[in-house]
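J.: Take a look at the following structure, please.
Rule-based calculations on the coordinates, nothing more; no lab input. Since the model is a prediction, treat every value here as computed from it, not as a measurement. Ideal geometry is used to build each Cβ from the backbone, glycine not excepted, and the neighbour counts take in all protein chains shown.
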Amino acid sequence: MHQPPYGPINQNAFIVTDIDAGIDYWTTRMGVGPFFKFPKIIFEEADYRGQAQVPDFEAAIAYSGDLMIELIKPNGPSIFREFLDAGRRGVQHLGAFADDFEIATAAVEKRGGKRLQGGRFADGSAIAYFDMGGSDPCIFEIAHLKAGPRDLFAAVKSAGAAWDGVSRTLSFGG
């Protein structure tokens with residue numbers, strides 16, 4: 001059986017106009033929580049449609065079993081803002097983790113993926129988003145996470161498994 005150089009699709013990312021309203025919806029209507037709201041996301045370098053551009057957005061994640069639900073509120077030019085500006089709401093991309101970013105992104109490009117946006121972080125973690133084309137286009141994210149972010153995501157997943165069904169958000173540290 002062929003295995004791509006990235007893990008299974010483990011993320012559905014939803015574009016929202018209000019992070020807190022999105023969290024309210026997912027915790028009360030969908031029964032998913034608690035959500036971790038990221039502090040301001042800082043990129044070492046980033047690109048958007050082939051140009052150096054750091055995307056400005058807010059994000060929060062929670063897990064339902066092995067599936068990560070990500071909520072993204074765009075605050076500036078990005079593929080997330082394009083989605084909203086086109087009048088769309090809901091799932092904007094799917095995502096998977098990769099141990100080797102370069103090999104995984106090369107494999108996605110070989111399958112016809114066209115890079116739309118991406119970036120690298122100070123710890124060496126990296127993300128990239130690809131338009132996979134076709135009659136029903138799909139945007140696919142490859143995420144390569146170093147130990148710190150991996151541990152954070154694992155903690156959010158554990159919190160989801162033990163969720164009390166009441167608390168909307170969680171935080172770590174001080």
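J.: Would you please name the trypsin sites (Lys or Arg not before Pro) within the range 1-67 that are DSSP coil residues with at most 11 other C-beta atoms within 10 Å of their C-beta? Please report the intermediate quantities before stating the final value.
T.: Working: sites: 29, 37, 40, 49; in loops: 29, 40, 49.
Passing sites in the range 1-67 are 29, 40.
J.: Let me ask something else. With axes computed from alpha carbons, what is the tilt in degrees of helix 19-28 against the longest principal axis of the chain, rounded to the nearest 10 within 0 to 90?
T.: Orientation of helix 19-28: about 60 degrees from the principal axis.
J.: Are there chymotrypsin sites (Phe, Trp or Tyr not before Pro) in the range 42-103 that DSSP puts in a loop and that have at most 12 other Cβ atoms within 10 Å, and which ones? Could you put the intermediate results ahead of the total?
T.: Details: sites: 43, 48, 57, 63, 80, 83, 97, 101; in loops: 43.
Of the chymotrypsin sites (Phe, Trp or Tyr not before Pro), not one in the loops of the range 42-103 has a Cβ with at most 12 other Cβ atoms within 10 Å.
J.: Something else: Which whole-number percent gives the relative contact order of the range 1-92, counting Cα pairs below 8 Å spaced six or more residues apart? Walk me through the intermediate numbers first.
T.: Working: 141 pairs, mean separation 33.7, N = 92.
Over the range 1-92, the number comes to 37 percent.
J.: Please determine, in degrees from 0 to 90 and to the nearest 10, the orientation of helix 147-161 with respect to the longest principal axis defined by the Cα atoms of the chain, where the helix direction is its Cα long axis.
T.: So the inclination is approximately 40 degrees.
J.: For the chain, what is the mean residue ellipticity at 222 nm derived from helices alone (per DSSP H run of n ≥ 4: -39500 (n - 2.57); sum divided by total residues; nearest 500 deg cm²/dmol)?
T.: Numbers: 4 runs with 42 residues, N = 174.
One gets -7000 deg cm²/dmol as the mean residue ellipticity at 222 nm.
J.: When the Cα atoms of the chain are enclosed in a convex hull and the volume is divided per residue, what value in Å³ results? Write out the running numbers ahead of the final one.
T.: On the way: hull volume 23.1 nm³, N = 174.
Value for the chain: 133 Å³ per residue.
J.: Further question on the same structure: Express in nm, to one decimal, how much length is gained between residue 152 and residue 38 on full extension, taking 0.36 nm for each residue of separation and deducting their alpha carbon distance.
T.: Details: separation 114, 0.36 × 114 = 41.04 nm, distance 1.05 nm.
Extending this stretch completely gives an extra 40.0 nm.
J.: Right, something else. Pairs to check: 40/114; 40/110; 73/146; 40/146; 37/114. Give those whose C-alpha atoms are more than 21 Å from each other in this structure. The partial results should precede the final answer.
T.: Values: 40/114 27 Å; 40/110 33 Å; 73/146 24 Å; 40/146 18 Å; 37/114 29 Å.
Distance filter (> 21 Å) returns 40/114; 40/110; 73/146; 37/114.
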